[in-house]
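Please treat every number below as a calculation from the coordinates, not as lab data. Small disclaimer: the values here were computed from a predicted structure and weren't measured. Every residue, glycine as well, gets a Cβ built from its backbone with ideal geometry; the counts of neighbours run over all protein chains shown.
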Amino acid sequence: MNAANEYKGGENFDLRDVLLRGRKMNLNSRTNFFGSFIKDLMINKQMQHLRCVSSAADREVKVIDHYTGELKSMLMFGSNNYLGLANHPYIKEYVCRIIKKQGTGIGGPPLLNGYTSLHYELEERLAHLKGAEDVLIFSSGYGANVGLVSAIMGSEDLVVYDAYSHASFYDGIKMSGAQAVHFSHNDAKLLEQTLSRTETMKFKDRFVGVEGVYSMDGDIAPLDKIVPICKRNNSILVVDDAHGTGVMGTKGTGSAGHFGLEGQIDITMGTFSKTFAVTGGFVAASKPIINYLRFFARSYMFSASLPPTVVASVLAALDVLENESELQTKLGDNINYTARCLKQLGFDANSITPIFPLKVPTVMNIRKAAYDFHQKGFFVNSVEYPAVPKSQQRFRVSIMATHTKDDIDRLMEAIVDIWDKNKSGSVDKTFCTKSNKVLVN
């Protein structure tokens, strides 16, 4: 596979590179070109982005159909709302109480008038969750990564990062001016070789960047190998645990907790837009690092604070993580069930995280297949060429604790029908339907 078609993994691509492919255009030409591209997608019923959801985020949602304008019930398999907290009754009631007490907003940055007792409480509780000394809250997950990386790294530092790292981490590196080199995805041996090779070079600091759970493939970083490698090589480990927090580890402590490594990660970044199902992000680290970030992370200093409604949502969600462990158990059961079903259909499926990539054959028209999923009432997300090579096109299925086995069975039936309809190769039709559940017991 040549460099142009190499799968880079992760959520990190630039649409200008993807669509324009080196064409030199001014702004007017670029916007017209893109407008024509979107118009063609709509005409051919191949536009499954920006679907308008008009109900609470849950296992089943109401979606306004792009093409008919009608309200359509759909099973949601495209959300990061892994534990179903977006519509949890306790969280909704808690937020309503906070609104009555503290209103809906603040109107200022945290260093001025935007730091409240709620923000302080959330920082304390997140620090406890992550086994860290302190936590800093950001107004977005993207802002947390960009603010963290651009603040702690500089031109005399080296960062060695996984090739599948998120766009926000990569953008932070560009802003920092740090010297950077990536290693092949999850290749701990290559990581150590790179660190050993650079040990005598005169860098002030060496950082290692990985993700706890990788959002595009649903696999996990081998932290049990990476943590000791970083310690042996005197390197600072930064873990983006956006998709691991609340899902992995006992009571949702995250990816470090999954490996029994609580408190051993130098710096952890997380978001509120996945399991917590709102918006925002955080960084957990030592008190000196957090105090430094409060004044040197520009995305923190120059952004308004998260409103009380969002902070209250996360605080209530932490209560749920502590008191309703059955949600994590149910999610785990659904993950295992889905993995067994998909394996019987011939897919390569993990049974650790709620993210399942369904790679499609190169002969499949993925846009047509996406519309078929939509027509059948399944909300799934597609990742298509040229964002990835044709050999890596996939649907990304996200599982929630609130899904029923019947929901998952219906999804499997839809996959079989759509793969067969699009003449894209066969799947094993002996799978976990109601009449055949004995195969996965």
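Before moving on, here are some points about what is shown:
- Placing one equal scatterer on every Cα of region 32-72 and applying the Debye formula, the log10 ratio I(q)/I(0) at q = 0.19, 0.23 Å⁻¹ is -0.62, -0.77.
- Normalised by the number of residues in region 244-364, the average gap of Cα pairs under 8 Å and 6 or more apart makes the relative contact order 17 percent.
- Springs between Cα atoms under 10 Å define the GNM used for the chain, and in it the highest mean-square fluctuation of 288, 109, 389 occurs at 288.
- Positive-end ranking of 164, 90, 138 along the dipole of region 57-164, with charges on Cβ about the Cα centre, is headed by 90.
- Region 96-153 versus region 387-423: alpha-carbon centroid distance in Å: 36
- Charged side chains reduced to their Cβ positions (Lys and Arg at +1, Asp and Glu at -1) give region 88-323 a dipole of some 420 debye around its Cα centre.
- Each Lys and Arg contributes +1 and each Asp and Glu -1, all at the Cβ; summed about the Cα centre of the chain, the dipole is approximately 1140 debye.
- Fewest-first sequence of 391, 139 by Cβ atoms within 10 Å of each Cβ: 391, 139
- Applying the criteria of a DSSP loop state and at most 12 other Cβ atoms within 10 Å to the chymotrypsin sites (Phe, Trp or Tyr not before Pro) of region 261-306 yields 302.
- Fully extending the segment from residue 329 to residue 56 would add 96.0 nm, taking 0.36 nm per residue of separation and subtracting the current Cα-Cα distance.
- Exceeding the 25 Å Cα-Cα cut-off - candidates 92/287; 225/405; 174/368; 101/274; 130/274; 174/251: 92/287; 225/405; 174/368; 101/274; 174/251
- Charged side chains reduced to their Cβ positions (Lys and Arg at +1, Asp and Glu at -1) give region 38-170 a dipole of some 760 debye around its Cα centre.
- Restricting attention to the chain, close to 55% of DSSP beta bridges with both partner residues there are antiparallel.
- Exposure proxy ranking for 166, 119, 49, based on other Cβ atoms within 10 angstrom of each Cβ and starting from the fewest, stands as 49, 119, 166.
- Using the Cβ-Cβ distance between residue 405 and residue 343 with R0 set to 22 Å, the FRET efficiency from 1/(1 + (r/R0)^6) comes to roughly 0.85.
- The convex hull defined by the C-alpha atoms of region 88-323 has an orientation-averaged projected area of 11.9 nm².
- Maximal additional length on extending the residue 29-residue 390 stretch stands at 127.3 nm, based on 0.36 nm per residue less the C-alpha distance.
- ³J(HN,Hα), Karplus 6.51/-1.76/1.60, whole Hz, each residue of region 72-83, x for Gly, Pro: 10, 7, 9, 7, 8, 10, x, 10, 8, 6, 4, 9
- Ranked list, fewest to most other Cβ atoms within 10 Å of each Cβ, for 36, 273, 299: 36, 273, 299
- Loop trypsin sites (Lys or Arg not before Pro), region 231-336, which have at most 15 other Cβ atoms in a 10 Å radius of their Cβ (DSSP): none
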